[in-house]
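The values are calculated or read from the model by the stated rules, or taken from the named source; none is laboratory data. From a predicted model like this one, the values you see are computed outputs, not experimental measurements. As a convention, Cβ positions derive from the backbone with ideal geometry for all residues, glycine included, and neighbour counts pool all protein chains shown. Calculation scope for accessible area: heavy atoms of the full protein, side chains included, ligands and nucleic acids excluded. Shrake-Rupley method; radii C 1.70, N 1.55, O 1.52, S 1.80 Å.
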Protein chains: 2
Amino acid sequence: MANPCKQKRFVSHGGDVWGFARKYNIPLEKVLDFSGPINFLGPAPKAVEAVQQRAKLIRFYPDPNPVELRMEIAEYVGHGVDAANIILGNGSIELIYMVTEPFPCGFKAVIPVPSFTEYEKAALRVGGEPIFVKLPDNFALDVESVKKAVTEDTRIVSICNPHSPSGTLYSRETVLDLVEFCRKKNVIVSVDENYIEFAEKGQDNTIVGYVKKYENLFVIRSVTKFYGMPGIRFGYGIATESLIDTLQTVRQPWSINSLAGYATLAAFKDTEFIENTKRTIAKERVRFAEMLSEIGGLHVFPSVTNFLLVKILIKKITATILKEKLAKERILIRDCSTFMGLDDRYFRVTVRSFEENLVLVEALKKTINIANEK
Amino acid sequence: MANPCKQKRFVSHGGDVWGFARKYNIPLEKVLDFSGPINFLGPAPKAVEAVQQRAKLIRFYPDPNPVELRMEIAEYVGHGVDAANIILGNGSIELIYMVTEPFPCGFKAVIPVPSFTEYEKAALRVGGEPIFVKLPDNFALDVESVKKAVTEDTRIVSICNPHSPSGTLYSRETVLDLVEFCRKKNVIVSVDENYIEFAEKGQDNTIVGYVKKYENLFVIRSVTKFYGMPGIRFGYGIATESLIDTLQTVRQPWSINSLAGYATLAAFKDTEFIENTKRTIAKERVRFAEMLSEIGGLHVFPSVTNFLLVKILIKKITATILKEKLAKERILIRDCSTFMGLDDRYFRVTVRSFEENLVLVEALKKTINIANEK
């Protein structure tokens with residue numbers, strides 16, 4: 001019965017705070033979660049209010065043609081984007097899956113790695129083959145090596161900007177170079193900008209302003225990370241009108257619940273939350289990186305986002321060991337050994353409050369010192 | 001770029017109250033919606049309370065492995081079903097799509113019609129071919145004609161019990177006969193039981209008790225219709241453990257928002273709402289059918305659900321004309337001419353309060369009398 005051209009496999013994610021709480025038998029709220037790259041200040045309070053005030057709207061199907069919502073999102077995105085350039089999705093994952101659905105069985109998806117594991121699953125689930133291109137050690141986007149991986153069967157190149165799990169911001173010129181090249185080959189470039197709002201230079205480097213010019217460009221965003229509301233399930237894709245129209249025919253008619261749009265618009269207008277997030281994350285990211293570096297034996301990669309990728313330089317400690325040790329103190333970190341292109345020398349931590357970051361740093365120090373003494 | 005083995009097309013639905021309100025420039029709440037087959041008493045008040053109380057939970061990803069939730073759903077379903085037999089979905093549509101995803105390109109999906117249009121789309125979007133079998137004029141499930149349509153390439157037969165759009169309940173023996181036949185052919189029978197809770201004899205005829213015996217049986221349910229909450233997006237599939245495990249690998253990791261599970265469990269415990277729904281719908285369905293029959297020129301089909309299928313016996317009136325005329329009085333009905341296997345002689349109305357049903361009846365009388373006088 002199984003389709004031989006379709007391979008399925010589970011992929012692992014950060015942020016399984018539910019599984020962690022269950023395993024260690026502690027309440028969800030008591031987990032110190034550095035694993036899911038979610039804004040620790042969230043959810044945006046105005047989004048929560050909107051959900052409470054609009055709760056009775058669950059009696060209606062979601063609006064199948066939310067014209068006003070798409071207009072307001074376009075306005076939020078800016079850079080000349082119109083409502084017709086917007087498609088909605090159940091978080092960014094529905095969009096990541098949606099864009100590969102029209103491709104023929106056996107297509108190739110070029111994925112610079114390490115990266116978000118769902119790009120791979122999106123290809124596998126519809127009979128595509130992921131082609132991995134290893135990024136250089138500093139995680140810069142080496143466009144030339146990506147170009148070399150593009151063949152006749154390639155239908156999509158999936159990148160993430162700012163890059164996850166490293167937190168590196170790619171320049172608009174770099175991304176445009178790739179998009180321009182791929183247009184000639186009739187290959188879609190999917191640019192996941194889920195973390196762009198955290199980046200001080202995000203607005204200068206977002207590629208959204210080019211969706212009208214490049215019909216092979218698909219930009220993915222969501223309210224999951226910056227607005228701290230992964231549970232509302234709301235994302236949006238930005239592309240040329242004809243690509244949006246094609247994707248509209250593939251998607252489920254009502255995949256987004258009736259409250260998510262209202263929560264999103266309320267969040268977009270929550271200027272106090274937005275300003276506080278930008279200020280706090282920028283400040284705490286610097287302090288957190290300094291504290292981590294001072295422990296010794298760790299290399300912290302520069303990041304423009306709300307998370308930090310850390311390489312363990314001490315031979316006898318792995319990310320898997322660290323994760324286990326920290327779990328005993330209710331701390332959850334992201335072991336990066338499950339990322340294609342990384343190994344058990346890497347872990348990722350989300351920037352939280354100064355006090356919480358300090359708790360992690362102290363726990364790390366203790367674990368590393370014990371290991372060094374052995 | 002398009003996959004030649006995948007066809008896409010838009011399908012039309014009842015219940016686009018948003019589009020109706022927009023077209024006639026009236027507030028959503030002012031539409032007298034007889035179109036979407038949703039419990040007019042909904043949403044279950046305890047579900048709304050749960051959403052309001054748990055709103056802050058949008059800060060967490062949905063639980064990727066909701067053990068307790070699946071257990072409580074299994075308990076609600078009864079008939080010996082276990083948590084391991086339950087898979088969750090974004091409304092019933094994600095489940096309808098999910099079950100066809102593992103099938104090979106070119107598979108055939110047998111669909112007795114008229115029926116819910118998404119069964120057809122579920123086949124088309126993954127390269128399958130729908131094979132329609134016309135139900136007899138009374139919409140009984142003619143199992144022999146369905147059996148004849150099953151060929152070597154058939155992978156699924158999709159039925160709905162109680163049947164939509166007619167409201168007919170099929171006996172368990174009839175459905176079992178089909179399931180037994182299909183097991184030998186290695187064909188899945190998908191039984192959509194979205195309306196079963198409205199039926200007085202629903203518990204006697206549900207097929208859920210057989211999921212452990214028949215590995216080719218997939219039962220679909222949701223809280224959309226009976227609990228009056230289409231906007232929360234929550235459904236569940238019931239099947240043998242191995243089929244559930246296969247489907248788990250295909251699905252999106254977080255398609256259901258963080259609040260939907262809580263809303264559902266609260267709704268299941270809202271006994272006052274449940275009792276009131278059963279009592280009111282049963283009573284008003286009878287009165288509504290009588291009033292409609294008394295108008296003259298209409299045949300009302302017997303129904304066990306919260307909707308009534310009506311055939312227009314007057315030649316000069318079509319469902320499309322009726323829908324347009326009624327729209328001027330803010331009344332929305334379901335023109336059934338877009339259902340495969342029906343034509344413009346049929347429309348469907350949802351049972352609402354006595355007063356609201358009376359408004360529709362009076363408006364229908366007026367429209368039919370004017371037509372008769374011409």
Open item on the list: Multiplying the sequence separation of residue B:67 and residue B:276 by 0.36 nm and subtracting their Cα-Cα distance, what value in nm do you get?
Closed with: 72.2 nm
Task: Summed buried accessible area for A+B [probe radius 1.4 Å, Å², rounded to 100] - done: 6100 Å²
- [ ] Give me the accessible area of residue A:278, 1.4 Å probe, in Å² rounded to the nearest 10.
- [x] 100 Å²
- [ ] Take chain A, connect every pair of alpha-carbon atoms lying under 10 Å apart with a spring to form a Gaussian network, then pick out the residue of A:81, A:113, A:143 with the largest mean-square fluctuation.
- [x] A:143
- [ ] Once you have the Kirkwood Rh of chain B from its Cα pairs, apply Stokes-Einstein at 4 °C and 1.567 mPa s and quote D in µm²/s.
- [x] 61 µm²/s
TODO: Please give the average number of partner chain Cβ atoms lying within 10 Å of the Cβ of each residue in A:336-342, rounded to a whole number.
DONE: 0
Open item on the list: For a quick check of understanding: with a 1.4 angstrom probe and all protein chains in place, what accessible area in square angstrom does residue B:61 have, to the nearest ten?
Closed with: 20 Å²
Open item on the list: Per residue, how large is the accessible surface of the protein assembly as shown? Use a 1.4 angstrom probe and give square angstrom.
Closed with: 38 Å²
Open item on the list: Can you tell me, using C-alpha contacts under 8 Å and at least 6 residues apart, the relative contact order of the stretch A:45-268 as a whole percent?
Closed with: 29 percent
Task: Cleavage-rule hits (GluC sites (Glu not before Pro)) in the stretch A:109-155: DSSP loop, at most 14 neighbouring Cβ within 10 angstrom - done: A:152
Task: Förster-model FRET efficiency, 35 Å R0, residue A:248 and residue A:171, C-beta, rounded to 0.05 - done: 0.65
Task: Nearest 10 degrees, 0 to 90: helix A:271-295 Cα axis against chain A principal axis - done: 40 degrees
Open item on the list: Keeping all protein chains in place and using 1.4 angstrom, which order do B:71, B:340 fall into by accessible surface area, from largest down?
Closed with: B:71, B:340
Open item on the list: Going by Cα centres, the stretch A:68-118 and the stretch B:315-374 are how many Å apart?
Closed with: 40 Å
- [ ] Just tell me how shielded A:121-132 is by partners: mean number of partner chain Cβ atoms within 10 Å of each residue's Cβ, no decimals.
- [x] 2
- [ ] Quick one: go through the stretch B:356-374 and flag any residue whose amide nitrogen is under 18 Å from the point 7 Å out along the Cα-to-Cβ line of residue B:315.
- [x] B:368-374
Open item on the list: What do you get for trypsin sites (Lys or Arg not before Pro) in the stretch A:198-252 restricted to DSSP loop and a cutoff of at most 15 other Cβ within 10 Å of the site's Cβ?
Closed with: A:201, A:213
- [ ] Would you mind calculating the relative contact order of the stretch B:147-205 from Cα pairs under 8 angstrom and at least 6 residues apart, reporting the percent as a whole number?
- [x] 44 percent
Task: Average other protein chain Cβ within 10 Å of Cβ, residues A:255-262 - done: 5
Open item on the list: Defining the label point at 7 Å along Cα→Cβ, can you sort the distances from residue A:30 to the same site in each other copy, shortest first, in nm?
Closed with: 5.4
Task: Sequence of B:291, B:229 from largest to smallest accessible area, 1.4 Å probe - done: B:291, B:229
Open item on the list: Let me check something: with ligands and nucleic acids excluded, how do B:180, B:200, A:75, B:275 order by accessible area (1.4 Å probe), largest to smallest?
Closed with: B:200, A:75, B:275, B:180
- [ ] Distances from residue B:302 to the same position in the other copies: list them in nm, one decimal, shortest first, using label points 7 Å from Cα along Cα→Cβ.
- [x] 7.8
Task: Relative contact order for chain B, counting Cα pairs under 8 Å that sit 6 or more residues apart, in percent - done: 23 percent
Task: the protein assembly as shown - percent of accessible surface contributed by carbon and sulfur, probe 1.4 Å - done: 51 percent
Task: Position residue A:353, label points 7 Å along Cα→Cβ, spacing to each other copy in nm (shortest first, one decimal) - done: 4.8
- [ ] List the extent of the Cα atoms of the stretch A:45-268 along each of their three principal axes, largest first, rounded to whole Å.
- [x] 53, 38, 29
Open item on the list: Given a 1.4 Å probe, show me the residues in the stretch B:47-72 buried by at least 50 Å² of accessible surface when comparing the whole protein assembly to the chain alone.
Closed with: B:52, B:58, B:59, B:60, B:61, B:63
Task: Equivalent ellipsoid semi-axes - Cα gyration tensor, the stretch B:167-295, angstrom - done: 29, 23, 12
- [ ] Among the listed pairs B:56/B:225; B:121/B:325; A:201/A:269; A:134/A:325; B:315/B:374; B:108/B:134, give every one whose C-alpha distance is greater than 23 Å.
- [x] B:56/B:225; B:121/B:325; A:134/A:325
